[in-house]
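The values are calculated or read from the model by the stated rules, or taken from the named source; none is laboratory data. Note that the structure is predicted; figures quoted are calculated from it, not measured. Here the Cβ positions follow ideal geometry from the backbone for every residue, glycine too, while neighbour counts run over all protein chains shown. These accessible areas exclude ligands, DNA and RNA; they are computed on the full protein's heavy atoms, side chains included. Shrake-Rupley method; radii C 1.70, N 1.55, O 1.52, S 1.80 Å.
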Amino acid sequence: MNAIPALADWVALDSVLVVLALWLLVGIAGIAALRRFAFVARVLFPLGGLLGLALAGVALVALTAGSRNVQVAVLALGLPGLPFHLRLDSLSAFFLAVIGFVAAGVSAFAAGYFRKGEGTPPGLLCLEYHVFLASMALVVLADDAYAFMVMWETMALSSYFLVTANHRIPEVRSAGYLYLVLAHIGAIAILLCFGVLQADTGDYTFANMRLQTLSPFWGSIAFLLALLGFGAKAGLLPLHVWLPEAHPAAPSPVSALMSAVMLKMAVYGMLRVAFDLLAERLWWWGALLLAVGLASALFGVVFASVQVDMKRLLAYSSIENLGLVFAGMGLALIFTAYGMGPMAALALTATLFHVASHALFKSLLFLGTGCVLHATGERNLGRLGGLIRTMPWLAWITLVGVLASAGLPPLSGFVSEWLLLQSFLFTPGLPDPLLNMLIPVVAALIALVAALAGYTMVKFYGVIFLGQPREDRLARAHDAGRWERAGMLWLMAGCIALGLAPVQFIALIDPVTVQLVSAGLGEAVREGGWLLAPNGIERASYGPVIFLLGVAASFALAFVIVRRFYHGRSRRAPPWDCGYRWQTARMQDTAEGFGQPIRQIFEPFFVIKRELPTPFDAEPRYQVTVADRFWGWIYLPLVALAERIARLFGLLQQGRIATYLLYSFLTLVVTLLAVKR
């Protein structure tokens, strides 16, 4: 048992930096082989996956050492007097492990996914991809505002170029522009946050920020700026509009990395600011995080349930999951503000568990949509169906991701949501009576979100893979290739491992919670053995292995009974058809029909446009379009205002040299008057 901590003692920050340098070298090799598709796909992307695996291994070893292995370094990069400060601690090691583990699976998948002639040359795409990975890893290692912002902007720009890989399509360019605008709005807020945290000392290192004690006013300003900046990257309301546009535009491996990993950089940043850099924590900060997170979760899952585009559905599902993560973070912040360390550790453990779980199952689902898109050329659920017959490998692998996303045992999604509900349901009395009253209501809303998420995943899987094909050409769809299967099997194994061994994974999370809230669940959960009982076995417990054995025993018993009493006889027949024998694909439930009950219940959430058929239509169709109200409330008015301001400034451009000389003269006069005063 002492071997791993001893190994962690000599795992240096240098090991991580070597892996990141090799990632960059792989990207540069892609430029050297700009259009050699086979070399880029079959050599460079698998090599990047192996480096991701190495990064995950180094990070996990460093994580086991906890506070004993905090390492810092100063790199002679950047500007004179502004070197890059780096720090490897438990929090950064946890997120490095998530980045490396997901990158290993997605890179293997990408080796079989990318095709020739998809906009960006393959070598350039390889460079952008590996710069994106390295920049995310350096974001979590940065230990000063300058290094953090440089890496944050590198992450944003490299992901922008990846989103616009198929830049010849106007919709792709528009989605990329929207993403870049909101990314820079968030970056400005983060930069201002660091300006407040350094407390006018001129020292922008995180070590100096930890020493500052801000007043409640300035501490609140820094927290709100952090929420705005990192919330824009995470897709929290009302800054979520870029997700449903960017994810469908990007190639599927890029969508997987953005949803599974890049969104988690916002979670990392919020944890770093709220629990590490800010010395004091106020209860209403947590209440605000809880409210914003819960609103985002409910909004995301309701919109996901009515989508007819595969990738837009998963994008809204990511908004839902990030909302749950921020809700758990808010609850942990409330407990910390009131000095309730063990409960804060439970809420934070649930948050971090869901970070890892969502990274695995959401990347798996996005990769699955990529296989469907390549095999059929369709993202529209209304034109799919019955693919389990022609794509059985993909159907069974994707089923694991769907069950994990729906929060069903014994997979990872159930454990994280169960822990989150535990932190709400078994909350001891808080000093604030209003919070005591609202916590059970919040728990009920989280249960509603979980139920709607299950409903959405049934729609997603059932419409794509089950039933009859809605188009004749679906019979020619091909299954996932070897590289694609390898990447997806890796992520599927992660979903299963986290679900079956939650106690062991919580032991890995323990150093992070000890670092942030000075408490952990490691000792408590180890006492339960294979039973997960964070609040004591007498209150609630969960045994994933026991559950799995029970399910397996039930299937075995059913098999024995059928073989014993029915002698193995079987008879295939069509499902009951209400007496109508001639079934076609048009008679099965559509994606729009599946989501209609939710659309009717939550109609105030949507802007609904109905296109009714007329007697003169050659092919009469009834179509319903669901739009986001935030476009009309916030973004379209802002666009109109910006256009009016631009037209006013456009009046200055007269095209006459005499007019421009007059502007210069007036500017000089105003400047002289200002200096004279």
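Roughly to the nearest percent, how much of the accessible area of region 384-509 is carbon and sulfur, given a 1.4 Å probe?
On the way: 3530 of 4850 Å².
That share works out to 73 percent.
What do you reckon, how do Thr456, Thr659 stack up by accessible area (1.4 Å probe), largest on top?
Working: Thr456 5, Thr659 25 Å².
Most to least solvent-accessible, the answer reads Thr659, Thr456.
Taking the Cα centre of region 147-289 as origin, work out the dipole magnitude from +1 charges on Lys and Arg Cβ and -1 charges on Asp and Glu Cβ, in debye rounded to 20. Don't jump to the answer; show the numbers that get you there.
Values: 7 positive and 7 negative charges, 52 e Å.
Its charge dipole is roughly 240 debye.
Taking a 1.4 Å probe, which of Ile601, Ile319 shows the most accessible area, and what order do the others take after it? Numbers along the way, then the final one.
On the way: Ile601 120, Ile319 0 Å².
Accessible-area ranking of Ile601, Ile319, largest first: Ile601, Ile319.
Please get the size of the charge dipole for the chain, origin at its Cα centre, with Cβ charges of +1 on Lys and Arg and -1 on Asp and Glu, quoted in debye to the nearest 20. Walk me through the numbers before you get to the answer.
On the way: 45 positive and 36 negative charges, 391 e Å.
Here the chain has a charge dipole of around 1880 debye.
To the nearest 0.05, what FRET efficiency results for Val560 and Ile608 with a Förster distance of 51 Å applied to their C-beta separation? Walk me through the numbers on the way to the answer.
Working: r = 52 Å, r/R0 = 1.02.
The formula returns an efficiency of 0.50 here.
I'd like to know which of Leu672, Val150, Thr456 lies farthest towards the positive end of the charge dipole of the chain, counting +1 on Cβ of Lys and Arg and -1 on Cβ of Asp and Glu.
Going by the Cα projections, it comes out as Thr456.
Over region 469-564, what relative contact order in percent results from Cα pairs under 8 Å that are six or more residues apart? Kindly include the intermediate steps, with their values, before the conclusion.
On the way: 51 pairs, mean separation 15.5, N = 96.
Computed over region 469-564, the figure is 16 percent.
Considering only Leu91, Ala41, Thr590, whose Cα is most displaced toward the positive end of the charge dipole of the chain, charges sitting on Cβ of Lys, Arg (+1) and Asp, Glu (-1)?
Of the listed residues, the answer is Thr590.
Would you mind classifying region 43-109 by shape? Square roots of the alpha carbon gyration tensor eigenvalues, ordered a ≥ b ≥ c; an a/c under 1.5 is rounded, otherwise it is prolate if a/b is larger than b/c and oblate if not.
On the way: a/c = 3.24, a/b = 1.38, b/c = 2.35.
Oblate, since a/c reaches 1.5 and b/c is not below a/b.
If you take the square roots of the eigenvalues of the alpha-carbon gyration tensor of region 149-246 and sort them as a ≥ b ≥ c, do you get rounded (a/c under 1.5), prolate (a/b over b/c) or oblate?
prolate
To the nearest 0.05, how large is the calculated FRET efficiency for Leu77 and Leu34 if R₀ is 35 Å and r is the Cβ-Cβ distance?
On the way: r = 27 Å, r/R0 = 0.77.
Efficiency computed from Cβ-Cβ geometry: 0.85.
Where the accessible area of region 86-216 is counted over protein heavy atoms with a 1.4 Å probe, how much of it, in %, is carbon and sulfur?
Values: 2750 of 4180 Å².
Roughly 66 percent of what the probe reaches on region 86-216 is carbon or sulfur.
What number, rounded to the nearest 500 deg cm²/dmol, is the helix-based mean residue ellipticity at 222 nm of the chain, given -39500 (n - 2.57) per DSSP H run of at least four residues and division by all its residues? Walk me through the numbers before you get to the answer.
Values: 25 runs with 444 residues, N = 677.
My calculation for the chain gives -22000 deg cm²/dmol from helical runs alone.
Could you give the length gained by full extension between Gln583 and Val441, i.e. 0.36 nm per residue of separation minus their alpha carbon distance, to one decimal place?
On the way: separation 142, 0.36 × 142 = 51.12 nm, distance 4.53 nm.
Length gained, Gln583 through Val441: 46.6 nm.
Which value, in Å² rounded to 10, gives the accessible area of Met437 with a 1.4 Å probe and all protein chains present?
Probe radius 1.4 Å; accessible area of Met437 about 120 Å².
Charges on Cβ only, +1 for Lys and Arg, -1 for Asp and Glu, centred on the Cα centroid of the chain; of Cys578, Ile188, Met437, which one is farthest towards the dipole's positive end?
The listed residue farthest towards the positive side: Cys578.
Between Ala21 and His478, what is 0.36 nm times their sequence separation minus the Cα-Cα distance? Round to one decimal in nm.
Computed gain between Ala21 and His478 is 160.8 nm.
Convert 20 °C to kelvin, take the viscosity as 1.002 mPa s, use the Kirkwood radius over C-alpha pairs of the chain as Rh, and evaluate the Stokes-Einstein diffusion coefficient in µm²/s, rounded to a whole number. All intermediate terms of the calculation are to be shown ahead of the outcome.
On the way: Rh = 26.7 Å.
The diffusion coefficient I find is 80 µm²/s.
So what is the accessible area of region 468-567 per residue, in Å², with the probe set to 1.4 Å?
Working: 5720 Å² over 100 residues.
Counting only protein heavy atoms, the per-residue value for region 468-567 is 57 Å².
Rolling a 1.4 angstrom probe over the protein heavy atoms, how many square angstrom per residue are accessible across region 76-205?
Values: 4320 Å² over 130 residues.
Dividing the accessible area of region 76-205 by its residue count gives 33 Å².
Taking a threshold of 24 Å on the Cα-Cα distance, which of the pairs Lys233/Lys459; Lys233/Lys609; Lys264/Lys459; Lys459/Lys609 fall above it? Kindly include the intermediate steps, with their values, before the conclusion.
Values: Lys233/Lys459 28 Å; Lys233/Lys609 29 Å; Lys264/Lys459 26 Å; Lys459/Lys609 22 Å.
Over 24 Å Cα-Cα: Lys233/Lys459; Lys233/Lys609; Lys264/Lys459.
Would you work out what percent of the accessible area of region 28-73, with all protein chains in place, is carbon or sulfur (probe 1.4 Å)? Write out the running numbers ahead of the final one.
Numbers: 1500 of 2140 Å².
The computed percentage sits at 70.
For region 123-224, what is the charge dipole size about the Cα centre, in debye to the nearest 20, if Lys and Arg each add +1 at the Cβ and Asp and Glu each add -1 at the Cβ? Walk me through the numbers on the way to the answer.
On the way: 3 positive and 7 negative charges, 56 e Å.
Dipole about the Cα centre, nearest 20: 280 debye.
Ordered by packing density, taken as the mean number of other Cβ atoms within 10 Å over each peptide's residues, highest first, how do 224-234, 546-556, 98-108, 468-478 rank? Working shown, then result.
Numbers: 224-234: 23.8, 546-556: 11.8, 98-108: 27.7, 468-478: 14.8.
The packing order, highest mean first, is 98-108, 224-234, 468-478, 546-556.
Please work out the average accessible area per residue across region 387-444, using the 1.4 Å probe convention, and give it in Å². Write out the running numbers ahead of the final one.
Numbers: 2240 Å² over 58 residues.
For region 387-444, the per-residue accessible area is 39 Å².
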